[in-house]
Amino acid sequence: MKVNSVSACSDNQSFSNRFSEEILIDFHELPGEHSGDNMADAVWGTLEKYGLVNRLLALMMDNATNNDTLTTAIEHKCHERNIPFNATHSCLRCMPHTVHLAVLKVCSCSIIS
């Protein structure tokens with residue numbers, strides 16, 4: 001299978017459509033703190049292991065701040081190697097997670113009122 005670009009997901013989130021194929025290529029137990037830098041090192045290691053570093057298109061994740069740090073760290077690693085990657089434009093938020101947060105907000109507002 002020829003891979004033109006890769007979109008990576010964190011926390012078991014996924015997305016697919018008729019134009020993409022979804023496969024699990026690696027799974028890590030993250031020792032120590034689940035900081036964005038530690039997660040970025042794990043993701044980067046996987047990208048290097050499978051020769052996908054220069055094919056990273058996007059990262060899909062929830063809105064945890066450590067994921068923001070992860071995308072920024074990946075951006076720095078890419079820029080060090082002259083690989084185009086923009087953390088802001090390449091970070092996709094998981095729609096079901098976003099809807100869940102919105103519903104929780106609506107529910108908390110209706111309880112208070």
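The values are calculated or read from the model by the stated rules, or taken from the named source; none is laboratory data. Keep in mind it's a predicted model, so treat the numbers as computed, not measured. Methodologically, a virtual Cβ is constructed for each residue, glycine included, from the backbone with ideal geometry; neighbour enumeration extends over all protein chains shown.
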Next item on the list: For residues that are more than 13 Å from the chain's Cα centre (by Cα) and either modelled with pLDDT under 90 or among the hydrophobic types (A, V, I, L, M, F, W, C) (or both), tally how many sit in segment 1-49.
Entry: 24
Check: Can you pull out the residues in segment 83-100 that are touching a residue at least 40 places away in the same chain (Cβ under 8 Å) and under 10 Å from the mean Cα position of the chain (by Cα)?
Finding: LEU92, CYS94
Next item on the list: Select, from THR71, THR65, THR46, the only residue that is touching an Asp or Glu at 6+ places or on another chain (Cβ under 8 Å), hydroxyl-bearing (Ser, Thr, Tyr) and within 21 Å of GLU29 (Cα to Cα).
Entry: THR46
Checklist line | Candidate set from segment 79-101 (those that are closer than 19 Å to THR65 by Cβ and part of a helix (DSSP H, G or I)); member that is modelled with the lowest pLDDT | finding: HIS97
Check: Considering segment 21-41 alone, what residues qualify as being buried (at least 17 other Cβ atoms within 10 Å of the Cβ) and of a type in the set (A, V, I, L, M)?
Finding: MET39, ALA40
Item checked: Hits in segment 70-90 (condition: acidic (Asp, Glu) and either in contact with a helix residue (DSSP H, G or I) (Cβ under 9 Å, 6 or more places away or on another chain) or surrounded by 14 or more Cβ atoms within 10 Å (Cβ to Cβ) (or both)) -> GLU75
Note to self: Residue under question is ASN67, and the condition is that it be at pLDDT below 90 and surrounded by 10 or more Cβ atoms within 10 Å (Cβ to Cβ); does it hold?
What the structure shows: yes
Notebook entry, point to check: Among LEU59, LEU47, which is the only one that is buried (at least 17 other Cβ atoms within 10 Å of the Cβ) and in contact with a Ser or Thr (Cβ under 7 Å, 6 or more places away or on another chain)?
Noted result: LEU59
Margin query: For the condition of a type outside the set (Phe, Trp, Tyr) and either in a loop (DSSP other than H, G, I, E, B) or in contact with a Phe, Trp or Tyr (Cβ under 8 Å, 6 or more places away or on another chain) (or both), what is the one hit in ASN54, ASN63?
Written below: ASN63
